[in-house]
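Notes follow the structure.
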Amino acid sequence: WEYALKCRSIEVALELGGIVPLAAEADINNPASIPLGSDGFPGFYTKFETQIEAREDWFLGLWMQLEFSTPRVVKLRMPLNEEALEWGTIVGKAKVNPGLFFGISPFVAIEDFQDGWGGMIRFTYLYRDNDSFEDRRKNPNNIVNFDPLYDFSSWVSEYVSLAIIYDGARGFMGGKYAPKFYFNVDMPVHLFKSSTSAKTYKFTLGFEFNY
């Protein structure tokens, strides 16, 4: 919508989709193996996104996402007592029901504040609920300690992103095909309850063309 609710423009989008696992799964016989994507679990997601241009080149908005993965029976390495998960002494089938994923990320941005220069600040909160596990071995002669698997399957990640943006089309380059450059820093924070997630800084330098 344009010129609605005393704003220059309001954009709203709703996305529904499916997750088809094609990436490599974790190898239970390799302790250093890291799964890619959903680790073989298909699923569904929905994403809501909005952006409001409150005044010329002044933006605010957010995105929210929910993700559901369907249960699977997989071959796992599972702990008998308190051993590390990657060295679990029991190998067998178990039904895994992945936990819900939720993310929200509001932002404020100013473009072309001075000769094509602008900036953005964004806060991102990501939450992954605990998985649930069910032993599917036939005639097991011992009891799996699922507590460590349950505890470490949940995580919370929070970070603040600061970005410097330079729009070449509005700066010294001119022309509608001039690139837009950006430099972004992601900084971990603990505003709520960040846990079991990376505490590293991320630096991104990039550019984009619109034609």
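Looking at the stretch 179-211, which of the residues that are assigned to a loop (DSSP other than H, G, I, E, B) and of a type in the set (A, V, I, L, M) is most open to solvent (accessible area, probe 1.4 Å)? Talk me through it step by step, then tell me what you get.
Residues of the stretch 179-211 assigned to a loop (DSSP other than H, G, I, E, B): 179, 189-194, 196-201, 209-211.
Now restrict to residues that are of a type in the set (A, V, I, L, M): 189, 191, 198.
Values: Val189: 32, Leu191: 119, Ala198: 75 Å².
Ranking the candidates gives Leu191 first.
Mind listing whichever residues of the stretch 138-163 are crowded, with 16+ Cβ neighbours inside 10 Å, in a loop (DSSP other than H, G, I, E, B) and either of a type in the set (Phe, Trp, Tyr) or without any contact (Cβ under 8 Å) to a residue 60 or more places away in the chain (or both)?
Phe146, Ser153
Can you tell me which residue is farthest from Phe44 (Cα to Cα) among those in the stretch 16-34 that are in a loop (DSSP other than H, G, I, E, B) and open to solvent by 90 Å² or more (accessible area, probe 1.4 Å)?
Initially, the stretch 16-34 is screened for residues in a loop (DSSP other than H, G, I, E, B), giving 20-34.
Restricting the remaining residues to those that are open to solvent by 90 Å² or more (accessible area, probe 1.4 Å) gives 20, 22, 25, 29, 34.
Working: Val20: 9, Leu22: 15, Glu25: 19, Asn29: 29, Ile34: 22 Å.
Checking each candidate, the answer is Asn29.
Results for (1) open to solvent by 60 Å² or more (accessible area, probe 1.4 Å); (2) under 23 Å from the mean Cα position of the chain (by Cα); (3) of a type in the set (Val, Ile, Thr), shown as yes or no for each residue.
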{"position": "Ala4", "(1), (2), (3)": "no, no, no"}
{"position": "Leu14", "(1), (2), (3)": "yes, yes, no"}
{"position": "Asp39", "(1), (2), (3)": "no, yes, no"}
{"position": "Asn81", "(1), (2), (3)": "yes, no, no"}
{"position": "Leu85", "(1), (2), (3)": "no, no, no"}
{"position": "Ile90", "(1), (2), (3)": "no, no, yes"}
{"position": "Pro106", "(1), (2), (3)": "no, yes, no"}
{"position": "Asp112", "(1), (2), (3)": "no, no, no"}
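So Gly61 fits all but one of (1) within 24 Å of the chain's Cα centre (by Cα); (2) open to solvent by less than 80 Å² (accessible area, probe 1.4 Å); (3) under 17 Å from Ser153 (Cα atoms); what number is the exception?
Against the list (1) within 24 Å of the chain's Cα centre (by Cα); (2) open to solvent by less than 80 Å² (accessible area, probe 1.4 Å); (3) under 17 Å from Ser153 (Cα atoms), Gly61 comes up short only on (3).
Do we have Ser69 as under 30 Å from Phe107 (Cα atoms) and either in contact with a Phe, Trp or Tyr (Cβ under 6 Å, 6 or more places away or on another chain) or at pLDDT below 90 (or both) here? Write out each step before concluding.
Details: under 30 Å from Phe107 (Cα atoms): yes; either in contact with a Phe, Trp or Tyr (Cβ under 6 Å, 6 or more places away or on another chain) or at pLDDT below 90 (or both): yes.
Criteria met by Ser69.
The values are calculated or read from the model by the stated rules, or taken from the named source; none is laboratory data. Quick caveat: nothing in here was measured; it's all calculated off a predicted structure. No Cβ is skipped: glycine too gets one built from the backbone with ideal geometry, and neighbour counts run over all protein chains shown. With ligands, DNA and RNA removed, areas are computed over all heavy atoms of the protein, side chains included. Shrake-Rupley method; radii C 1.70, N 1.55, O 1.52, S 1.80 Å.
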